[in-house]
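Structure first, commentary second.
The values are calculated or read from the model by the stated rules, or taken from the named source; none is laboratory data. Computed from a prediction, not measured in an experiment: that's the story for all the values here. Note that each Cβ is placed from the backbone with ideal geometry, even for glycine, and that neighbours are counted across all protein chains shown.
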Amino acid sequence: MIAKAYAKINIALDVVGKRDDGYHLLKMIMQQIDLYDEITVEKAEGDIVLSCNKKYVPLDSRNLAYKAAALFLDNYSITEGVKINIEKNIPVSAGLAGGSTDAAAVLNIMNKLFEVNASDKELRDLGLRLGADVPYCITGGTALCENIGEVITPLKPFKNHIVVLVKPNFGVSTKEVYKGLDMSKIYKHPKVDDIIKLMEKDDLKGTALEMKNVLENVTLRKHQKLRKIKEEMMDLNALGSLMSGSGPTIFGFFKDMQQAQKCFEKMKQDYNEVFITRTV
């Protein structure tokens, strides 16, 4: 069985508190984009065997897709193994949920493959044990995600809007970013409810102007290059530009393909991983 595992961007990311166990409480607008890994899962004798087209991707229990398969087999007492292949297109350690979306796809496929018929809610609960973005990736589309990411409210689709992504040649540790976040120094929070209203009207310009990610306070301070990419995107007629997740990927919305192409070509001169895509 084959499935597309879509990347996501954050149109808004707010940190509204912190739990006793150290987890941050979030309020985020998540949006899938038409950049995806292709995940193939088939039944096999024995254990979990993982393969991937990119050499730098780990093929053992460090990989979230592997962890997802192990968790599913264990949770539903399945004695067979699986062969998983990941055709990787989404940059890693990029703030685009590349690992989480692969894990979500594995859970969704295995649910059908082994005819477990677990509900979406059951799969999301399982996914949360793997990471905070996995439950959203199981649901997909346009959604408001709250608490630590597992309280998901689907929103009106915000599809077919042009996005340019730039992933510089370094990764960022989500854990380190949250560790470096000083809640008392967040002076400007995204107006999440207002942004949702703009998105419901399909107001791209309004949405692009209002979008905000409080984790930029940490990542942009550490990596000046990201500030430069944002500014350059705005100079190249982006309607708005933002960092996705904990970074370092910067994305911009564009009103037409011509402007997006111009930005893509300019960015491609300095960065290897640049994409033109759309919201789905």
Among residues belonging to the range 107-165 that are polar (S, T, N, Q) and within 19 Å of LEU35 (Cβ to Cβ), point out the one that is surrounded by the fewest Cβ atoms within 10 Å (Cβ to Cβ). ASN160
Per the filter on the range 81-95, residues modelled with pLDDT under 95 and surrounded by fewer than 17 Cβ atoms within 10 Å (Cβ to Cβ) are VAL92
Among the residues of the range 17-25, is any in contact with a Phe, Trp or Tyr (Cβ under 7 Å, 6 or more places away or on another chain), exposed (fewer than 12 other Cβ atoms within 10 Å of the Cβ) and at negative phi? no
Answer yes or no as to whether ILE229 is under 15 Å from LEU13 (Cα atoms) and either in contact with a Pro (Cβ under 9 Å, 6 or more places away or on another chain) or not assigned by TED's automatic domain parsing to the domain that holds ILE186 (or both). no
Exception for SER119 within (1) within 25 Å of GLU210 (Cα to Cα); (2) free of Cβ contacts under 8 Å to residues at least 24 places away in the same chain falls at (1)
Have a look at ASP270, ASP256, ASP203 and point out the one that is over 25 Å from ALA143 (Cβ atoms) and free of Cβ contacts under 8 Å to residues at least 12 places away in the same chain. ASP270
What is the one condition in (1) more than 30 Å from LEU181 (Cβ to Cβ); (2) free of Cβ contacts under 8 Å to residues at least 12 places away in the same chain that ASP20 does not satisfy? (1)
State yes or no: is THR219 touching a Leu at 6+ places or on another chain (Cβ under 6 Å), crowded, with 20+ Cβ neighbours inside 10 Å and of a type in the set (S, T, N, Q)? no
Go through the residues of the range 202-224 one by one and say whether even a single one is β-branched (Val, Ile, Thr), out of contact with any His (no Cβ under 8 Å at 6 or more places or on another chain) and closer than 30 Å to LYS43 by Cα. no
Of those in the range 238-271 that are out of contact with any strand residue (DSSP E or B) (no Cβ under 8 Å at 6 or more places or on another chain) and assigned to a loop (DSSP other than H, G, I, E, B), the residue farthest from ASN213 (Cα to Cα) is GLN269
Consider VAL172 against the criteria (1) under 15 Å from VAL15 (Cβ atoms); (2) touching a residue at least 40 places away in the same chain (Cβ under 8 Å): it satisfies all of them except one. Which criterion is unmet? (1)
Quick check, is LYS4 under 22 Å from the mean Cα position of the chain (by Cα) and surrounded by fewer than 19 Cβ atoms within 10 Å (Cβ to Cβ)? yes
Of the conditions (1) assigned by TED's automatic domain parsing to the domain that holds LEU35; (2) charged (D, E, K, R); (3) assigned to a helix (DSSP H, G or I), the single one that GLU115 does not satisfy is (3)
Which one is nearest to THR219 (Cα to Cα), of the residues in the range 69-105 that are over 16 Å from the mean Cα position of the chain (by Cα) and among the β-branched types (Val, Ile, Thr)? ILE86
